[in-house]
1. Report the residue, chosen from Pro330, Pro375, Pro188, that carries the largest GNM mean-square fluctuation when the chain is represented by alpha-carbon nodes joined by springs under 10 Å.
2. Restricted to Cα positions, what overall size does segment 70-327 have along the principal axes? Three whole-Å values, descending.
3. Where the centre of each part is set by its Cα atoms, how far does segment 420-437 sit from segment 1-51, in angstrom?
4. Return the tail of the calculated pair distribution for segment 306-440, meaning the percent of Cα-Cα pairs more than 19 Å apart.
5. With springs only between Cα atoms under 10 Å, which of Gly175, Gly123, Gly162 fluctuates most in a Gaussian network model of the chain?
6. Sort out for me the Cα centre separation of segment 167-225 from segment 105-130, rounded to whole Å.
7. Do the sum for the chain: with -39,500 (n - 2.57) for every DSSP H run of n ≥ 4, divided by all residues, what is the mean residue ellipticity at 222 nm, to the nearest 500 deg cm²/dmol?
8. Could you give log10 I(q)/I(0) at q = 0.06, 0.11, 0.12 Å⁻¹ for the chain, computed by the Debye formula over C-alpha point scatterers of equal weight, without solvent?
Amino acid sequence: MNNELFERAKRAIPGGVNSPVRAYGSVGGTPRFLVRAEGPYVYDAEGSEFVDLVASWGPAILGHAHPAVVKAVQDAAALGLSFGASTPSETELAELVESRVAGAGANGETVHPIEQLRLVSTGTEATMSAIRLARGYTGRDLLIKFAGHYHGHSDGLLAAAGSGVATMALPGSAGVPAPIAAQTLVLPYNDIDAVRAAVAEHGDRIAAIIVEAASANMGVLAPKPGFNAALADIAHENGSLLILDEVLTGFRVTAAGYWGLSTGEGPAYQPDLFTFGKVIGGGMPVAALGGRADVMEHLAPTGPVYQAGTLSGNPVAMAAGIATLEHATPEVYAHLDSTADTLAQAVSEALAREGVAHQVQRAGNLFSFAFTETPPVDYADMQAQQTWRYPPFFHAMLDAGVALPPSVFEAWFVTAAHDERAVSRIIDALPTAARAAASA
Ligand code: PMP
């Protein structure tokens, strides 16, 4: 059934998919066509049940089809799907985000760095608009990004990007004009000297530094302690903005994202702009950019930087986002952390028993495994790992009813619904999968 569906999809849709990693290109085999999801499980068209560690690439933080979220969506849908006009629920979601993103300031005081928020529909739009805003605000053109970081698929951001670009080993994308690509300076991650050197050379032309709050699109790779704070210092000394991309990490690793985890633990720092996606919509198309009010007010209609969207802030999506954030309680984050601990340790032990060299990569409750002897610090290290060990591992897990991300360059996602039964199924599948990785 999955085979037939894939053949049919490939005739109707390029590659049979609407987002490249779904095609199983790097793990081989036929993608499962999913028809239903509930709690920690997804079900394919053949009726097979899988414990899901993709969680729609992050949004399903509460587990799939959480009753409160589904009810909120149904109630909102009954009142109309989209108005293309202001709704009370947009303000409610913006206020929820502004109050939740709280952390330690320079003197230990509590700060709320999201003063204003603009809602959009995808993470790609959020980062694209944040960059235009940074350029409009500073009157400068250049952007610094880091190799292996994925910020969506807008033209200037695909150079040395992670996620599907990493999975397919592409240097970037065809169709991006060279003059546009030339506006992005790509630097090695975790290398603050490289950032200082680039700023020394191009300083007054740099509008912004954009960074994943913790990288999770080349596999998981956390910033060195103090790296994000150093970026903020360098950006601010240079009159540039720091854009912290929390599309993946936001509301997932803590209520205040990775920023909440990293500020206060290390030196306090304040990004000028944040981008969000995934969890903020709980499975509906919601994303956002937010930050300093004096910067955000440069957006139209108050300012000269244009940004808009027919479906932005639509009431059904707002209902899903509000219900999801309201149910993402401290207990949920504690559960995600302990489940991630349990699974990361179990996978590591299984691999170690089979003599498979690996590193457990963590950023809060996000995790993945890099098949290498030495801890990676940047994209070159992540790419140099023994990537061929992942496909047999992935397929052994799939055969045992566990759906992992179909690429070694992606994070694993746990949810509040991953209970003992789901976790046991994963753990039981590990010995066979580890043997498959060892013999690859
Ligand atoms: N930024 C980051 C850090 C992401 O992980 C992603 C998507 N994985 C995006 C931006 C793009 O978001 P979207 O797929 O919703 O366009």
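Laboratory data are not the source of any read-out in this text; all were calculated from the coordinates shown. Source: prediction; values computed, not measured. Backbone-built Cβ (ideal geometry, glycine too); neighbour counts: all protein chains shown.
1. So, out of Pro330, Pro375, Pro188, the one fluctuating most is Pro330.
2. Answer, in whole Å and largest first: 55, 47, 37 Å.
3. Answer, in whole Å: 22.
4. Values: 5114 of 9045 pairs.
Summing the P(r) of segment 306-440 above 19 Å gives 57 percent of all pairs.
5. Of the options given, Gly175 has the highest mean-square fluctuation.
6. Using only Cα atoms to place each centre, the spacing works out to 20 Å.
7. Details: 15 runs with 162 residues, N = 440.
Taking each H run of at least 4 residues, the total per residue is -11000 deg cm²/dmol.
8. -0.24, -0.84, -1.01
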